[in-house]
Amino acid sequence: MKFAAKTKLIAFVCVLLVAFTAAAVLAQEAPTEHHGINAANLDRSVKPGDDFFEFANGEWLKRTEIPPDRSVLSTFSFLENLSNKRTAALIEEDAKGNSPSGTSARKIADLYNSYMDEAAIEARGATPLRPHLESIAAIKDKRELAHALGESLRADVDALNNAVFHTANLFGLWVAPDFDDPDHYAAYLMQGGLGLPDREYYVSKKDRMRDICTRYRTHVSAMLKLAGFTDTDVRAAHIVELEHEIAEKHLSLAESEDIHKANNHWTAADFTAKAPGLDWPEFFRGAGLSKQKSFIVWQPSAFAGESALVASTPLDVWKDWLAFHLVEHYAAVLPKVFADEYFDFMGRTLTGVQQQRPRWQRGVATVNSLLGDAVGEIYAQRYFPPDAKAEAQAMVANIIAAFRRRIEALSWMNPSTKAEAQAKLSSLYVGIGYPETWRDYSQYEVKPDDIFGNFWRGSLFDYHHDVARLGAKVDRREWSMEPQTVNAVNLPLQNALNFPAAILQPPFFDPNAPAAVNYGAIGAVIGHEISHTFDTEGAAFDAQSRVRNWWTPADLAHFDAATAKLAEQYDTYRPFPDLSVNGKQTLAENVADVAGISAAYDGYRASLDGKAAPVKDGFTGDQQFFIAFGQNWQSKSREAAQRQQVMTDMHSPGRYRAATVRNIDPWYNAFDVKAGEKLYLLPEERVQIW
Ligand SMILES: [Zn+2]
């Protein structure tokens, strides 16, 4: 799983904060003078033992206002700004270069320019939609519907690396190493069909959620009207009703996270028997998957339920549903009226953002999403020097060694289980900065004046790329993140970690900062990702990434009891009076946070080699370590966005991730935390798993 939530805005990744041109911003970028924790962000009036998040970030929280085009500001968004400024400058440079046609450099320039050419987009109006809407209108029976639903299948879900368990299309494809044969790529299918972020939005009885659903219906109607439909209120009511029924068939996020429920191998023929209703042979023909003999169906009950709905719901409702999803998906590259309506609902209503980001910033995000690896190759060359890579590698080695010692010292774990855990560490692939090979974009056709087509072909290119490797040998060193992405990820089916270049910079990683600060910041991130190798998810995969439970029942019982305590701890956190953190939904991430900071702390102590840590900004080494960790979680969210995160994300809000220091003994010594302070836990209440 990845390290942090990524705010999805208007179907794109996060983009820049400020509205200067990229070149101007880069020119202003001053070298960082200060190396270490940011003392100006601390609120010293708060006791660390009462609220560690406020102590570490309070002054920043007081003086920071979320800009109108943002739903969240955080350490991550600060670094995303930097990464995006750099990326924008690379694209601008590239756009001036007039590279030969067919090269990735030319494609980057053409894609960006086609996005920026608003006059051409306005002049074309809804024309690019027309042939697609006409083929939907021409569907005359459920067999043709099945074909069209198959044609809409895309490689747009990713269960274990990015926690994307559903798509807005009827179903989604994830091509990844086979649970039972991790040397070969298999076809995973996942539930889909919802326009809102999660089933909760449809099934919840809370007033607030019902209100969002009502506003969604208005939005569906408005989009259909823009696309030229009549009777749009009635059509919208039927579409939302259908999605409500689909939502009832969906598994919840917490249920989808359980991989033991997901390992369901179905042959192509099984679908008709196990999920009757949809014409499956026709669906697979439409998807270009007629030759695929077997699939792994992640949420079987959702497939049965959704397939039955294809049979029971009138054809016209399905056709309207298809048309709406088409328009919705492409709104950002259609004329302004479409993009504005989309933003009004998806941005303003769902996340509380007040205004759209400047177009050029969205253009950068578009290039990152469709040609991310091509940009990443240039980015890594420019911004990630070999000495930074060597230094990050040394930290990783130190933290892996800390994990080895911790595993060896565990009193509750069986020796045979320990040996399996050590074997997993030995076969772990750790990617630092950028991948070893780069993706080939030669089959992706980019036209300088056709943004709609560039989008259409881009998602098909991704889909065909993934379908083409079904059954092929797995490359365990393949990355699932781009170098310019500010995040980190554990890939359980490859027993691999990726730490992109863009997260390996201050405040997470600064070669000139004290070791205490680097270990508290990026060290905890590294430890977090390593620990996923052994958590509830990692425990299901052995050193060869095969699904095999390598734990003894007694080990697992101890692990379950300890993690249940952590789930209870998080269930007590209440960001809003009517909404608590879901301890079960966020459990794997919370376990990883505790394990990550513990191993990073050991790695830090080992790096001192017996010497005393220098005092800096008036803080001891241990204090700096924990403050750096607390400052990782610096973040401020709009209420709607925070609510969405609590309901749809496996990561707890930053405030509670920072508070996990209460489980770590040295934190109590570092800040002299005493009984009676709000975060204080009795030693036996502290959750220590690794
Ligand atoms: Zn994680």
Check your understanding: What is the residue count in segment 158-173 for residues that are closer than 22 Å to LYS249 by Cβ and touching a residue at least 60 places away in the same chain (Cβ under 8 Å)?
Key -> 10
Practice item. For LEU253, indicate whether it is touching a residue at least 40 places away in the same chain (Cβ under 8 Å), over 29 Å from THR536 (Cα atoms) and out of contact with any Pro (no Cβ under 8 Å at 6 or more places or on another chain). Key: no
Revision key, fill the gap. Log entry, pairs with first residue in segment 45-67 being buried (at least 17 other Cβ atoms within 10 Å of the Cβ) and basic (Lys, Arg), second being assigned to a loop (DSSP other than H, G, I, E, B) and modelled with pLDDT of 95 or more, beta carbons closer than 8 Å, six or more apart or on different chains, reads LYS47/GLU677
Study note, to complete from the structure: Filtering segment 185-207 down to residues that are open to solvent by 30 Å² or more (accessible area, probe 1.4 Å) and touching a residue at least 24 places away in the same chain (Cβ under 8 Å) yields PRO197, ARG199, GLU200, VAL203, LYS206
Check your understanding: Which number in (1) modelled with pLDDT of 95 or more; (2) in contact with a strand residue (DSSP E or B) (Cβ under 6 Å, 6 or more places away or on another chain) marks the one condition that LYS389 misses?
Key -> (1)
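Determine whether GLN585 is more than 11 Å from the ligand (Cβ to nearest atom), surrounded by fewer than 21 Cβ atoms within 10 Å (Cβ to Cβ) and in a loop (DSSP other than H, G, I, E, B).
Details: more than 11 Å from the ligand (Cβ to nearest atom): yes; surrounded by fewer than 21 Cβ atoms within 10 Å (Cβ to Cβ): no; in a loop (DSSP other than H, G, I, E, B): yes.
Answer is no for this residue.
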Review point. Looking only at residues in segment 589-618 that are assigned to a helix (DSSP H, G or I), open to solvent by 10 Å² or more (accessible area, probe 1.4 Å) and not hydroxyl-bearing (Ser, Thr, Tyr), which one is farthest from the ligand (Cβ to nearest atom)?
Key: LEU608
**Study point:** Within segment 99-186, helices (runs of 4 or more DSSP H) holding 3 or more residues that are among the hydrophobic types (A, V, I, L, M, F, W, C)
**Key:** 104-116, 118-124, 130-137, 142-151
Exercise for review: Could you list all residues from segment 431-440 that are of a type outside the set (D, E, K, R) and open to solvent by 20 Å² or more (accessible area, probe 1.4 Å)?
Suggested key: TYR434, THR437, TRP438
Revision key, fill the gap. Going through segment 519-542 in order, the residues found to be away from the ligand (no atom under 12 Å from the Cβ) and open to solvent by less than 10 Å² (accessible area, probe 1.4 Å) are GLY520, ALA521, ILE522, GLY523, PHE534, ALA539, ALA540, PHE541, ASP542
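Could you check segment 623-634 and list, in sequence order, the residues that are open to solvent by less than 30 Å² (accessible area, probe 1.4 Å), more than 16 Å from the ligand (Cβ to nearest atom) and not in a loop (DSSP other than H, G, I, E, B)?
GLN624, PHE625, PHE626, ILE627, ALA628, GLY630, GLN631, listed by residue number.
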Revision key, fill the gap. Checked segment 636-656 for anything under 17 Å from the mean Cα position of the chain (by Cα) and within 16 Å of the ligand (Cβ to nearest atom); matches are GLN645, THR648, ASP649, MET650, HIS651, SER652, PRO653, GLY654
Check your understanding: Condition test on GLN688, is it in a loop (DSSP other than H, G, I, E, B), open to solvent by 10 Å² or more (accessible area, probe 1.4 Å) and touching a Ser or Thr at 6+ places or on another chain (Cβ under 8 Å)?
Key -> yes
Exercise for review: Return the only residue of VAL525, VAL486 being among the β-branched types (Val, Ile, Thr), under 17 Å from the mean Cα position of the chain (by Cα) and within 14 Å of VAL430 (Cα to Cα).
Suggested key: VAL525
Review point. Do you know which residues across segment 637-685 are open to solvent by less than 10 Å² (accessible area, probe 1.4 Å), of a type in the set (Val, Ile, Thr) and under 17 Å from ASP571 (Cα atoms)?
Key: THR660, VAL661
Check your understanding: Checking GLY305 against (1) in contact with a Pro (Cβ under 9 Å, 6 or more places away or on another chain); (2) touching a residue at least 40 places away in the same chain (Cβ under 8 Å); (3) open to solvent by less than 60 Å² (accessible area, probe 1.4 Å); (4) not basic (Lys, Arg), which single condition isn't satisfied?
Key -> (1)
Check your understanding: Out of segment 40-94, which residues are among the β-branched types (Val, Ile, Thr) and part of a helix (DSSP H, G or I)?
Key -> THR75, THR87, ILE91
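Results for (1) on the phi > 0 side of the Ramachandran plot; (2) at pLDDT 90 or above; (3) surrounded by fewer than 21 Cβ atoms within 10 Å (Cβ to Cβ), shown as yes or no for each residue.
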site	(1), (2), (3)
ALA516	no, yes, no
LEU556	no, no, yes
ALA564	no, yes, yes
ALA567	no, yes, yes
Exercise for review: List every residue pair whose Cβ atoms lie under 6 Å apart, where the two residues are 6 or more positions apart in sequence or sit on different chains, the first residue falls within segment 266-287 and is at positive phi, and the second residue, located anywhere, is among the aliphatic types (A, V, I, L, M) and assigned to a helix (DSSP H, G or I).
Suggested key: GLY277/ALA308; GLY277/VAL310; GLY277/ALA311
Check your understanding: Considering segment 456-514 alone, what residues qualify as being open to solvent by 50 Å² or more (accessible area, probe 1.4 Å) and among the charged types (D, E, K, R)?
Key -> ARG457, LYS473, ASP475, ARG476, ARG477, GLU478, GLU482
Point to revise | Residues that are among the small types (Gly, Ala, Ser) and surrounded by fewer than 21 Cβ atoms within 10 Å (Cβ to Cβ), drawn from segment 543-554 | key: ALA543, ALA554
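The values are calculated or read from the model by the stated rules, or taken from the named source; none is laboratory data. Quick caveat: nothing in here was measured; it's all calculated off a predicted structure. All Cβ positions, even for glycine, are placed from backbone atoms using ideal geometry, and neighbour counts span all protein chains on display. For accessibility, only protein heavy atoms count, side chains too; no ligands or nucleic acids. Shrake-Rupley method; radii C 1.70, N 1.55, O 1.52, S 1.80 Å.
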